[in-house]
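Below is one structure, written out as structure tokens; comments come after it.
The values are calculated or read from the model by the stated rules, or taken from the named source; none is laboratory data. None of the values given here were measured: they were computed from a predicted structure. Neighbour counts run over all protein chains shown; Cβ positions are idealised from the backbone, glycine included.
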Amino acid sequence: MTDKQDNIRKAALALFANEGISSTPTSKIAKMAGVSEGLIFRHYKSKQELLNTLIKEAEKRQNEVLGPILMETNPKKVIRKVIKMPFRITEENDKDLWKLQLKLKWQHEYNNQDKIKPLIDKLSAAFKELKYKDAKKEARLLNHIIEQLSSEILRGNMRQDNAFRDFLLLKYKV
């Protein structure tokens, strides 16, 4: 990837994540990236192809984050790692990747519930092993809590509050 292509990708990611996809013309991406609009189309056939490239990057990053959780065998550590996950969103580039995924979740053509299924299954197995009464519902509940916390952190409505993280760790005794 060339420096200019990387600048295009970074500019598009920041604009798509913070202003929305439909609100971001390629001319604005070009201006922010410091390139001509024509150069965008030299590297990407369309704005949609640029978006698809960013979606693949976001999915790769999501897999990197979920991988250690899915490989974990200790049920308490599984739950602990899931609870800590949203409190580790720190790098600006990562924030924009997560924000983009959050925005896409609300768009029908990009919402894919199967992407999170392995995590729900892993949490269900962990809760089942720990003898929770309804492990599947507990897994879904924790996932919803984590998604909401992630959303609030990404929107800037909540600091990465260790007290809240610690509350959840204590609640689940992990």
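Tallying residues that are free of Cβ contacts under 8 Å to residues at least 40 places away in the same chain and assigned to a helix (DSSP H, G or I) within the stretch 144-163 yields 7.
Counting only helices (runs of 4 or more DSSP H) that fall entirely inside the stretch 1-120 and contain at least 3 residues that are in contact (Cβ under 8 Å) with a residue 40 or more places away in the chain and basic (Lys, Arg), the qualifying elements are 75-84, 92-105.
Looking at the stretch 1-59, which of the residues that are within 14 Å of LEU100 (Cα to Cα) and of a type in the set (Asp, Glu) is modelled with the lowest pLDDT? Among those residues, the one meeting the criterion is GLU59.
Of the candidates THR26, THR2, the single residue that is farther than 23 Å from LEU154 by Cβ and surrounded by 13 or more Cβ atoms within 10 Å (Cβ to Cβ) is THR26.
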